[in-house]
Amino acid sequence: MGFMATLKAQKAYALHGKGQIKEALQMYEEAVKAGLDNPRFLLSYSVLLIRSGEYEKARDLLKKSEKVPGMNDEQKTQLFTNYAACMYRLGSLDKGINLLEKRALRAPNGMLYQTLGYLYCEKFDMNHVPDFEAIDAENMQKHAQAVEEVKAQAAAAGVEPSLPEPPTPARDAYLAQKERAQKFIEESIDYDDEDTICLDNMAQWNYRVLGNKEKAREYFEKAIELKDDQIDTLWFLSRYDLEEGNTAKALEHLNKALDSRFSPLNYKTKQDFENEIARLKA
């Protein structure tokens, strides 16, 4: 990496630390154009892009950064988790999950347990169950086309065709992955039972996927004891407050979250919190 790229990247990092986001983004962009190839600064830039909602730009930067030499294992994991967050926000949740599942097979760590666990909650939310019949119909159409292509290629070569296996029924594939997801989230608690994000993931899994709100509350309350400003935990605790008719307590939980730093992997945005506060006050 050239001297100018290093200088600009260091300046961008300092600006970021001071909260001068617009200036930091501009300086990082200049550093990249000057040949920035330092993994630490590239990943820092990608985080800033993601937090600014520039998911496509962050995704493209991360794809290029993957080829940068000298990236250690922890940095590679951060690169993959950042990339998965981009794919999720760009509407490709399954691609993000598949990427992290492959990474987790090698050596799961806290960052993977946190990120992949949350993406599993998103995928298997009981309100987001896919249309299995439509998926099966599409898969069978693709399979039929693949069969015809193989037959045509085999006939041209004068050999017997080796036909592709029919696709697994969508419901079966979904349930199998859901079972693996639950095991992974349970493993995350075994890995670190004081990781507040993993505790929140377990809580959300019970709340959003299994519909077991009583069990979920145990994990939400444990998480909030360890970190009293965790955004998602505060949102769900406010739901319990409202169910119990305690609007004041709900507002206390919601207001506390506003001072925290929101990320693309939060269940609700800061605007959602502000809207809910306004609704309850009205």
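What follows draws every value from the coordinates through simple rules; no lab data is involved. Keep in mind that this is a model prediction, so the values were computed, not measured. Methodologically, a virtual Cβ is constructed for each residue, glycine included, from the backbone with ideal geometry; neighbour enumeration extends over all protein chains shown.
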Working from the pairwise distances between different alpha carbons, so that the mean of 1/r is found and then inverted, what is the stretch 160-238's Kirkwood radius in Å?
14.1
Per-selection Kirkwood Rh - the stretch 1-107 (Cα, Å, 1 d.p.):
14.0
For the stretch 177-281, run through the GluC sites (Glu not before Pro) and keep only the ones in DSSP coil with at most 12 other Cβ atoms within 10 Å of their Cβ.
Glu194, Glu244
Semi-axes of the equivalent ellipsoid for the chain, please: Cα gyration tensor eigenvalues, times 5, square-rooted, ordered largest first, whole Å.
36, 31, 17
Tell me the mean residue ellipticity at 222 nm calculated for the chain from its helices only (DSSP H runs of n ≥ 4, each -39500 (n - 2.57), averaged over every residue, nearest 500).
-23500 deg cm²/dmol
Contour minus Cα-Cα span, Ala34 to Lys22, at 0.36 nm per residue, comes to 2.5 nm
Let me spell out the model: positive unit charges on the Cβ of Lys and Arg, negative unit charges on the Cβ of Asp and Glu, origin at the Cα centre of the chain. What dipole size does that give, in debye rounded to 20?
1120
Within the set of other residues whose C-beta is less than 15 Å from the C-beta of Leu105, count the net charge using Lys and Arg as +1 and Asp and Glu as -1.
+3
Which of Tyr219, Tyr174 has the fewest other C-beta atoms within 10 Å, and how do the rest follow up to the most?
Tyr174, Tyr219
In the chain, which longest range has no trypsin sites (Lys or Arg not before Pro) that are both DSSP loop (not H, G, I, E or B) and surrounded by at most 13 other Cβ atoms within 10 Å?
68-260
Anyone know which of Ala31, Ala146, Ala203 comes out most mobile in the 10 Å Cα GNM of the chain?
Ala146
Say the cut-off is 26 Å between C-alpha atoms; which of Lys63/Lys102; Lys57/Lys256; Lys178/Lys227; Lys8/Lys76 go over it?
Lys57/Lys256; Lys178/Lys227
At each listed q (0.22, 0.31, 0.32 Å⁻¹), what is the log10 of I(q)/I(0) that the Debye formula gives for the stretch 125-173 modelled as equal alpha-carbon point scatterers?
-0.77, -1.08, -1.11
Proxy exposure order for Thr115, Thr6, Thr247, Thr196 (fewest C-beta within 10 Å first) is Thr247, Thr6, Thr196, Thr115
